Every structure is written in structure tokens, then in C-alpha cells.
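One structure below.
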Amino acid sequence: MRPKKHETTRSGDLFRARLDQIINLKHELAQLADAIDWDWIDGEIAPLYSEKGRPGIETRFAVGLLLLKHIYGLSDEGVCERWVYDPYFQHFTGEEFFQHEFPHERSDLSHWRKRLGDKLELLLAESLRVAHESGALRTRDLKRVTVDTTVQPKNISFPTDAKLLHAAIKGLTRLAQKHGVRLRQSYARVAKRAAMMAGRYAHAKQFNRHHRELRLLRTRLGRIIRDIRRKIAGQPTLEEAFVTPLSRASQIRSQQQRQRGWKLYAFHAPEVECIGKGKASAPYEFGVKASIVTTNARAPGGQFVLHAKALPGNPYDGHTLRAVIEDTQKLTGCEIERAYVDKGYRGHDAQNPRRVFISGQKRGVFGVIKRELRRRSAIEPVIGHMKAEGHLGRCYLKGRAGDAANAILTAVGYNFRRILAWLRALLRLILIALLQAVAAQSVLNPAY
């Protein structure tokens, strides 16, 4: 059922302290809470609820927690813990009185992310609207953009053959124990030692011994797979529970290190892809490709992210440009006049190819376009901040839906950090102006 609308009593309480009497209402987080249109967000996500059942959590509380998590780069547990002792966090989520206990479960954040799904782009649109209204972003900044792709790594260990085989053995053993399937032998200690020794032999370049340990792991994994299949034969419930883990384990057991084609890089995250971006420090990264669109010129509040999207399947950059430009125009409501990209977009399929400029291009590059093309590389520090201060550097959310949600919410958190910095700078300028006015008045009218 749709959540109840947030209401405030505006009255005092003898036993509880009002938040507006505790906090500084000129603080940038309090000003940001007043600038966000919570009613519009609530109206946009209303179709996601049915008309029956128990009322859901207030939209402002759940969405506010998601925003605070990505603004300050916290985990789900971290933002819930900080909410308890931070009155500014409580005011941002719509509380009227200071609360000493967290009123909901941490898992509610996961349920809300799944419920929002494609509607998460509304939060990105709202961040751009707030930036525009506060003066941090101008309309002309939306017409000339920079587009680039990066890798959003998944929260997995580096996938060596030994680690994958050991993870498959542990996963099948754990699942068999959960469903009461008694195995002939779990190979827990044997597999652990073999995986450890395989890594040591590879580091010492003793590859014959290394391959011997890998054969041992493959043999033990094959025994567990066959043992489970014998034990669950004729039991539809168990067969349904084991069909996916057994297929993943069989894939890991059969794949080789340098084989071509599709490979599995994590037992618990089959959506992980191996992506090479040509970096000397990290030749291969394991996660999903993400497209980022920023303003080309530096707006008064800095560079803002206009669009962010996960691109599963590791597509060629040039084949994604058309859809990315169209989605950005739909999100901002402003037609893009010029787009600046790197050489990875050569052979793109943009609708208006004459308005797309590639780094190193000479034809048609002069004057303002030449200066703007030199600013194309300014998107790199933006991506760096999204990875270092946000969650783009490592995705902890599950599945492809988690990859898509993490990319969008990281962009939202980055934009709101820029807005907070802008509001902080404005407040500083106002205070400096007031102090200068008071000092000038004291000079003109000295007190005797």
C-alpha cells in the first residue's frame, strides 16, 4: 500500500526535543532538505504500490536515507548507525523530534532499491533541478557535454582458477548442508590447502606443481557435483534448488585460463565481466562497463553528472553513444548541441555525427570547439571522485539490477555533494559580506 504522507505537528513536546531547536537551519544539509521536492518524488513513485496491504515506509525517510548513503559514501549499516546520533540526518529524512533508536530495519533500504528500479533516474533529475534552482548549474551548461565510459568493479576477489574452484567447492558444500544433503566427503580442508598451495606455486613460477594442485581441485569438485546429483535424483524440490549452483560449478570446472568465449568469474556473481581498458596498472577489471555524461564547461558549482548508466555485455563504446545522448536529453529536457568523446567512440552511431567531436580530431575543430575539446579530459577527475568518494569504485549490490542502481545512485550522490559544497560556499560569502558591513559601520560610527 502507498506510504502515508509526511506530516509535521509544529507543536512542542515536554519529553522530546524538536530538531529545529537543536540544529542550525542554515546548515547546507538543512537547506538541501528544504530544496528537494519530496512531494513530487512521492507522486512519481506512487504507481509502484498497490492499493491493498499495510502502508509502506514514508517516501522521504527511505529516499532520504538512500541519498545520505551515497552523499557521504556510507554502507547501508553505516548510514543507519549514523542516523541515530546525527540530528541533521534525522532532519533530512523528515523527523520532527530527535529519535534515540532507528525506527525501521536496515533491509528496508534493499527493498526500496528493488522497488524503485528504473525510477531511480528521478533522483538524478531532481539533483539537476536543485542544482539549477540554487544557481550551481546553468541551462547553457546542459547543451555541451562530455561522454566517457569506465568500469564499475564488482565486490569479488581476483578470479584465479584455484580461487574459483575453491569457491565452487565451498558454495556447493554450504548449500548441501543447508538443504540437509549428506555428502560423502566435503573436502573442506583438502580444497583449502590445495588452493593455498596453488597460489604459492604460481608465485614461485613452479607451474608443474601449480597445475597438479589445480587438477586436485577439479577432481574434488567433480566428485562433489556427482555426489550431489546422485543424492537429489528424484526429488523435484532439491533438484530445483541445486540446478543453478550445479551448472555454475560445472562451468567453473570445465573452463580453462586462456579459453575464448564466455567465462564465469565469480561463483556468487555470474554477471561479472572481464573488461580491459588498456590501463598499465590494471590491464583487466572485473565488473560492468558504465557510461558517464558530464557538463563540458565548469558550471558555477563545478562539473555535474547529467547521466549514468550501466552497460552489461561489454558493448563497444561507439555503439552506445546514440542511446546515451537520447537518454541524457530526455533526462535534462535540453537538446545537446555538442558532445565530446575520446577515441574509443570512433565509428559511433550518433544521430547527428557532425555534433560529436573525438579527441585528436582536426577537421572542423577551431575556436570555441577547440577549447572545449581540450576540456574533454576533465571528465576523468569526476569519475575518480565517484570511485573514491562514492560507490562506483566497488559495487556491493546483487545482480545486474544492483549494478544499474549503484551507477545511478553514485551519480546522484556526486551531484548532491557538489550542491552541498555550493551552498556552503554561498553561506561563507554571505557571512563575509555581513562581517564586512558590520566592520565598516563600526568604523563610521565608533562607540564612545
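Just so it is clear, none of the values below were taken in a lab; they were calculated from the coordinates. In this text the structure is predicted, and so the values were computed from the model without any measurement. Here Cβ is always computed from backbone atoms with ideal geometry, including for glycine, and neighbour counts include all displayed protein chains.
For the stretch 107-258, what Kirkwood radius comes out of the mean inverse Cα-Cα distance, in Å?
Across the stretch 107-258, the inverse of the average 1/r is 19.7 Å.
Go ahead and set up a Gaussian network model of the chain, Cα springs under 10 Å, then flag whichever of THR173, THR150, THR59 fluctuates most.
Judging by the Gaussian network model, the answer is THR173.
Please identify, among ALA46, ALA407, ALA233, the residue showing maximal mean-square fluctuation in a Gaussian network model of the chain using a 10 angstrom Cα cutoff.
Ranking ALA46, ALA407, ALA233 by mean-square fluctuation puts ALA233 first.
With Cβ to Cβ distances under 12 Å as the rule, what net charge do the other residues near ARG193 carry (K, R +1; D, E -1)?
+3
Would you compute, for the Cα atoms of the stretch 327-448, the largest minus smallest coordinate along each principal axis and list the three values in descending order, in whole Å?
78, 46, 26
With axes computed from alpha carbons, what is the tilt in degrees of helix 76-85 against the longest principal axis of the chain, rounded to the nearest 10 within 0 to 90?
40
Applying the Karplus parametrisation 6.51 cos²θ - 1.76 cosθ + 1.60 with θ = phi - 60° to the phi angles of the stretch 396-401, what ³J(HN,Hα) value in whole Hz is obtained for each residue in order, glycine and proline being reported as x?
9, 7, 8, x, 5, 4
Provide the convex hull volume over Cα atoms per residue for the stretch 171-251, in Å³.
84
Any chance you could give the angle, 0 to 90 degrees and rounded to 10, that helix 207-232 forms with the longest Cα principal axis of the chain?
Roughly 90 degrees between the two axes.
In this model, which of LYS69/LYS279; LYS69/LYS119; LYS163/LYS398 are farther than 28 Å apart at the alpha-carbon?
LYS69/LYS279
Could you give the distance between the Cα centres of the stretch 204-277 and the stretch 58-94, to the whole Å?
So the two Cα centres are separated by 40 Å.
Using Stokes-Einstein with the Kirkwood hydrodynamic radius over Cα pairs, what translational diffusion coefficient do you get for the stretch 1-120 at 37 °C and a viscosity of 0.692 mPa s, in µm²/s rounded to a whole number?
217
For the stretch 195-206, in order, what is each residue's ³J(HN,Hα) by Karplus, 6.51 cos²θ - 1.76 cosθ + 1.60 with θ = phi - 60°, in whole Hz (x at glycine and Pro)?
5, 5, 5, 4, x, 5, 5, 5, 5, 7, 6, 9
Roughly what angle does helix 107-116 make with the longest principal axis of the chain, taking Cα atoms, 0 to 90 degrees, to the nearest 10?
80
Take the chain, connect every pair of alpha-carbon atoms lying under 10 Å apart with a spring to form a Gaussian network, then pick out the residue of VAL382, VAL243, VAL412 with the largest mean-square fluctuation.
Highest fluctuation among the options: VAL243.
Along the stretch 161-171, what does the Karplus equation 6.51 cos²θ - 1.76 cosθ + 1.60 (θ = phi - 60°) give for ³J(HN,Hα), rounded to whole Hz, x for Gly and Pro?
Along the stretch 161-171, the couplings run 4, 5, 5, 5, 5, 5, 5, 5, 4, 5, x Hz.
Could you tell me what % of all Cα pairs in the stretch 53-167 have separations over 22 Å?
Cα-Cα pairs of the stretch 53-167 separated by over 22 Å account for 53 percent.
With every atom except the alpha carbons ignored, what do you get for Rg and Dmax of the stretch 281-369, in angstroms?
14.0, 40
Taking P(r) over Cα pairs in 10 Å bins from 0, in percent straight from the coordinates, which label in [x] 4, 17, 22, 21, 18, 12, 4, 1, 1, 0, 0; [y] 4, 20, 28, 23, 13, 8, 3, 1, 0; [z] 4, 19, 29, 26, 15, 5, 1, 0 is the correct one?
[x]
List every residue whose amide H lies under 5 Å from the amide H of PHE97, counting only residues 5 or more places away in sequence or on a different chain, with H placed 1.01 Å from N in the peptide plane.
Residues meeting the amide H criterion: LEU19.
Kirkwood hydrodynamic radius, the stretch 221-274, all distinct C-alpha pairs: what's the number in Å?
12.3
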